[in-house]
Amino acid sequence: MEHTSHEFLKALLETPSPSGFEQPIQQVVRTHAKAFADDVRTDTHGNVFAARFPEGKPDGAPRIMLAGHCDQIGLMVQYIDGDGFLYIQPIGGWDMQVLLGQHLTVWGKSGPVPGVVARRAIHLLKPDERTKVPDFTDVWVDVGAKNKEEAESLVRCGDPVTFALGYRPLRNGLAASPAMDDKVGLWVCMEAVRLLHGRPLRAAVYGVSTVAEEIGLRGATTAAYAIDPTVGIAVDVTHATDTPGNDKKSQGDIKCGAGPVLYRGPNISPRVFDLLEETATAHTIPVQVRGVPRATGTDANAIQIARAGVATGLIGIPNRYMHSPVEVVHLDDLTNAAKLLAEFCAAVGPDTNWIP
């Protein structure tokens, strides 16, 4: 992975972005994209658009939307008790069993506040409590405050909370971090736009860092309406099934490091899938294929039904342990996905047929 792009990936993963609180990460995106995009702008929803235009911006040039959502699952401070303990509610989908015992960060107005999430020690739990998954009202965040007054001097209700962020390289090209979902998809879209810098294009390409995907594909809905794309490709994570206990019969045989995943199914235009697969073959880019027989829970769902309909594709980055603090991806899958998207965009012109 190119050094500057690798540093951009780490910056994304080390910047908080719970749904509804994406401003810090979008500033990282804008600063990075201005070096290679023809235009960088932000809409009132918070989506960031980094565009490359064909020379002269000819009438009739297709518009390609590349969407990766910048928001991550998070938590929100809901209540502060008299002893200064914080009670939280989820932003997005959480597994409580993963949350227990984690280091967290509360992103207060005056800066980050470290804390831990816990409940009573197992020695103090009643027998029936030991086998029960607790509710959010049964756990709390301890920031070390002496009392409510001290806690309220640091945080307030509505403040977002994340896992303690950080990037950790592993062996054999793998890396671990919270929020690989979907900062790696965002990275792929922006890297594809960067790879197109200086290349002649016959289509306008919009790399979009979308917001609020984790709470209902909201940013992609408004961004697709604004762009009115001819073609839209979402890049998100997909479950890697190369770890113990996964059911490949229902989720497919998906491996980290074996290439980005091309989706097929009713959420996908067969024309887009075919051109992605042909492009991968022509440029010797490894890919995997996964079928999904329904609407996907990704930005591709919103893009496909925008306005009068969009020829839509979906690329997945294999991800182990999704929605946990130890999500794991392979860096080669990211670089290959970005290369594939760039070559796809370079091949699209006014004469490309998207009618199934």
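The values are calculated or read from the model by the stated rules, or taken from the named source; none is laboratory data. Just so you know, these numbers come straight off a predicted model, no measurement behind them. Note: ideal-geometry Cβ built from the backbone for every residue, glycine included; neighbour counts use all protein chains shown.
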Please tell me if Phe36 is of a type in the set (Phe, Trp, Tyr), touching a helix residue (DSSP H, G or I) at 6+ places or on another chain (Cβ under 7 Å) and assigned by TED's automatic domain parsing to the domain that holds Glu327.
yes
Has region 194-204 got at least one residue that is in contact with a Leu (Cβ under 7 Å, 6 or more places away or on another chain), modelled with pLDDT of 95 or more and within 27 Å of Gly297 (Cα to Cα)?
no
The listed residue being within 22 Å of the chain's Cα centre (by Cα) and among the hydroxyl-bearing types (Ser, Thr, Tyr), out of Thr335, Thr279, Thr284:
Thr335
Quick check: anything in region 307-315 assigned to a strand (DSSP E or B), in contact with a Pro (Cβ under 6 Å, 6 or more places away or on another chain) and either in contact (Cβ under 8 Å) with a residue 60 or more places away in the chain or among the aromatic types (Phe, Trp, Tyr) (or both)?
yes
May I ask you to list pairs of residues, at least six apart or on different chains, whose Cβ atoms are under 8 Å apart, with the first in region 214-239 being on the phi > 0 side of the Ramachandran plot and at pLDDT 95 or above and the second being of a type in the set (Ser, Thr, Tyr) and crowded, with 24+ Cβ neighbours inside 10 Å?
Leu217/Thr298
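Yes or no, residue by residue, for (1) under 20 Å from Arg171 (Cβ atoms); (2) β-branched (Val, Ile, Thr):
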residue	(1), (2)
Thr284	no, yes
Arg290	no, no
Pro293	no, no
Gln304	no, no
Gly309	no, no
Gly313	no, no
Tyr321	yes, no
Ser324	yes, no
Val329	yes, yes
Does region 140-162 include one or more residues that are outside the structural domain of Phe21 (by TED's automatic domain parsing), among the basic types (Lys, Arg) and in a loop (DSSP other than H, G, I, E, B)?
yes
Evaluate the following for Asp242: is it closer than 28 Å to Gln102 by Cα, assigned to a strand (DSSP E or B) and of a type in the set (D, E, K, R)?
no
Scanning region 131-174 for residues that are buried (at least 23 other Cβ atoms within 10 Å of the Cβ) and small (Gly, Ala, Ser) gives Ala151
